[in-house]
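Below is one structure, written out as structure tokens, with a few remarks after it.
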Amino acid sequence: DIITGLLVVSQLKQKMVLFLSGHDERDITDFDQNSNGYGLAVNALVRDNYIVNNITISELGNLLASGDPENFPAALIIADPKEPINQSQSQLLTEYINFGGNIFLLVESDAPEEYLTFLAQWGIIVGNGTLVDTISYVAPSLDFLQVKNTNLQIPEHPITHNFDVMYFPGASYIGMSLSDEEIPITPEGVLYVNSKPLAFTTINSWSETDSEVVSFDQKTETPGPLPIAMASQVISTMIGEPKMKTDDGYLYSHIVVIGDSDFASNKYITSSRNQDLFANSVNWLTKDTELISLRVKETVFRELVLTKNERAFIRWSGWLLMPSIIGSLGILAWWRRR
């Protein structure tokens, strides 16, 4: 706690993290612990010494027009937008990236197509349907994903370092349309886009496109394992545009895309490492990597979440196994004393 405090107070200035508003995104002023709001997510960022507020795309355009990088937000969070953006608004978001901005996008399967087109500039795709997993899920819902390190579902990355379990209720998969061999490189051999997955489903999973019949259709549905989240480092100009450089090399932007927004809502953010995933993502975007490993661990109420097999084991072992063992020992003791 002391080291974290020293890192925070030694910053030259507080960094600004803004939530995009105006398109029916999540409410950051809602602190009800059973709601879909993002108030508790905001608290997690405030504890890391960020200035947090809302911003509209037009207001972001005004910041970009000022030409002063000091006024730019360190990260822009787009949490579950429901309404589409027009071409000029999408261009403003692209311009923000080109100026070295960082974006955290949390999307659901019904996200407006315009946001998917925006991500496609860097080869990032959002899959159709909702992910289901027959091995790692929260019973009885196959689409309530339980991502566990013991199932090799969490690759090594600064954002998810030492994570054990995360929960994603109703997620979509996030993939890349280009392989590393297909991504253009600079003359120095640097990839224009360097993307790494943060979480996977198991091999017994797929992207379900029919909510009425939950079963894998190999003709129309994508089999697992499938990535649920992606962290991308991109050179801060569009592919094919003149390269922008700083004194120590290329100017980079960071993009984190997670195919679920419910995991960071007030209702689920305290489940296992969900809050750390959200806050670590912002730390990585803003290059505050020290805060990732030194965040204060809070004591919160944690609900015991079991898979179908785990619940069945506890039920039958409690109802039958233990009483049977105790009864057998009692009969054995009676028989020996008889």
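What pairs in LYS219/LYS308; LYS13/LYS287; LYS196/LYS287; LYS15/LYS82; LYS148/LYS196 have C-alpha atoms more than 20 Å from each other? In this structure, LYS219/LYS308; LYS15/LYS82 exceed 20 Å between Cα atoms.
Roughly speaking, to the nearest percent, how much of the chain's 1.4 Å accessible area is carbon and sulfur?
Numbers: 9390 of 17260 Å².
The C+S portion of the solvent-accessible surface of the chain is 54 percent.
Among 221-234, 251-264, how do they line up from the highest to the lowest mean number of other beta-carbon atoms within 10 Å?
Highest mean packing first, the order is 251-264, 221-234.
Between ASN36 and ILE125, what FRET efficiency comes out of the Förster formula 1/(1 + (r/R0)^6) with R0 = 25 Å and r the beta carbon distance, rounded to 0.05?
The pair ILE125/ASN36 has a calculated efficiency of 0.50.
Projected over every direction and averaged, the convex hull enclosing the alpha-carbon atoms of the chain yields 23.3 nm². Considering only protein heavy atoms, what per residue accessible area in square angstrom results for the chain with a 1.4 angstrom probe? Result: 51 Å² per residue.
Considering helices alone, the calculated mean residue ellipticity of the chain at 222 nm is -8000 deg cm²/dmol, with DSSP H runs of length four and up weighted by -39500 (n - 2.57) and normalised per residue. Across the alpha-carbon set of the stretch 1-160, the Rg to Rh ratio works out to 0.99, Rh being the Kirkwood radius.
The values are calculated or read from the model by the stated rules, or taken from the named source; none is laboratory data. What you are looking at is a predicted structure, and each value in this text was computed from that prediction instead of being measured. Note that each Cβ is placed from the backbone with ideal geometry, even for glycine, and that neighbours are counted across all protein chains shown. Ligands, DNA and RNA are excluded from the accessible area calculation, which covers all protein heavy atoms including side chains. Shrake-Rupley method; radii C 1.70, N 1.55, O 1.52, S 1.80 Å.
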